[in-house]
Amino acid sequence: MTLLGAEFTYCLSIYREDWRESMQQRGGKFLLAVQLLQLLRESQRHGLPLTTRQLQECVKYATEEQLEFILISLQKARFVLHTDEKGWMLARDLREIKLTELYRSDAYVLPGKQQTEGVSDNLRGLLGQLNDKLQEAMDHPLDELL
């Protein structure tokens, strides 16, 4: 019983109300992948890997499971690698990875304008252009396509 109480107390201490909401928004997983790559780039500049727990401290809106899911996806795409010290590092220079490669590496959805708060102006502008072009390209009745 004591062990169950300790586990419950631990879960309450790590609970965050906005976990589900942030990750369920359109493009949430894509933006998390971008943020994780950015964090790993900064850490790698100092020559240090980051553990999942350290990443979670930086990305408070995501659960450990959500981080692991994205990290494993990035690992399968050969963007990151898991070190012997239980940490994560970039496997490739981000200057060599195109946005299309990241986008096609998983079942990502592009975030809308409302979801891009906090991202760089360059990325926000590009995502806005992509969403506009996608809207224009797909603006056809299904009846014409089927």
Please count how many residues of the range 108-119 are touching a residue at least 40 places away in the same chain (Cβ under 8 Å) and not in a helix (DSSP H, G or I). 6
Expected output for the range 120-137 (first residue of a type in the set (Lys, Arg), partner modelled with pLDDT under 90 and assigned to a helix (DSSP H, G or I), Cβ below 9 Å, 6+ apart or cross-chain) is Arg124/Lys113; Arg124/Thr116
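Only one of these is in a helix (DSSP H, G or I), closer than 12 Å to Lys29 by Cβ and either touching a strand residue (DSSP E or B) at 6+ places or on another chain (Cβ under 6 Å) or free of Cβ contacts under 8 Å to residues at least 24 places away in the same chain (or both): Leu67, Leu74. Name it.
Working: Leu67 fails: either touching a strand residue (DSSP E or B) at 6+ places or on another chain (Cβ under 6 Å) or free of Cβ contacts under 8 Å to residues at least 24 places away in the same chain (or both).
It is Leu74.
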Got at least one residue in the range 68-91 being modelled with pLDDT of 95 or more and among the basic types (Lys, Arg)? yes
Single condition Thr2 does not satisfy, out of (1) closer than 25 Å to Thr116 by Cα; (2) surrounded by fewer than 11 Cβ atoms within 10 Å (Cβ to Cβ); (3) at pLDDT 55 or above: (1)
Within the range 80-104, which residues are out of contact with any strand residue (DSSP E or B) (no Cβ under 7 Å at 6 or more places or on another chain), surrounded by 13 or more Cβ atoms within 10 Å (Cβ to Cβ) and part of a loop (DSSP other than H, G, I, E, B)? Arg92, Ile97
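Please determine, by comparing only the residues of the range 25-68 that are small (Gly, Ala, Ser) and surrounded by 15 or more Cβ atoms within 10 Å (Cβ to Cβ), which one is farthest from Leu127 (Cα to Cα).
In the first step, residues of the range 25-68 are kept if they are small (Gly, Ala, Ser); the result is 27-28, 33, 43, 47, 62.
Narrowing further to those that are surrounded by 15 or more Cβ atoms within 10 Å (Cβ to Cβ): 27-28, 33, 43, 62.
Values: Gly27: 10, Gly28: 13, Ala33: 15, Ser43: 26, Ala62: 22 Å.
Restricting to residues being small (Gly, Ala, Ser) and surrounded by 15 or more Cβ atoms within 10 Å (Cβ to Cβ), the top hit is Ser43.
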Starting from the range 27-52, keep only residues that are farther than 14 Å from Gln66 by Cα, then list their pairs with residues that are among the basic types (Lys, Arg) and assigned to a helix (DSSP H, G or I) whose Cβ atoms are within a distance under 6 Å, requiring at least 6 positions of separation or different chains. none
Go through (1) modelled with pLDDT under 95; (2) within 29 Å of Leu134 (Cβ to Cβ) and name the single condition Thr51 misses. (2)
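The values are calculated or read from the model by the stated rules, or taken from the named source; none is laboratory data. Quantities reported herein were computed from a predicted structural model and do not represent experimental measurements. Please note: Cβ atoms are built from the backbone with ideal geometry, for glycine as well, and neighbour counts cover all protein chains shown.
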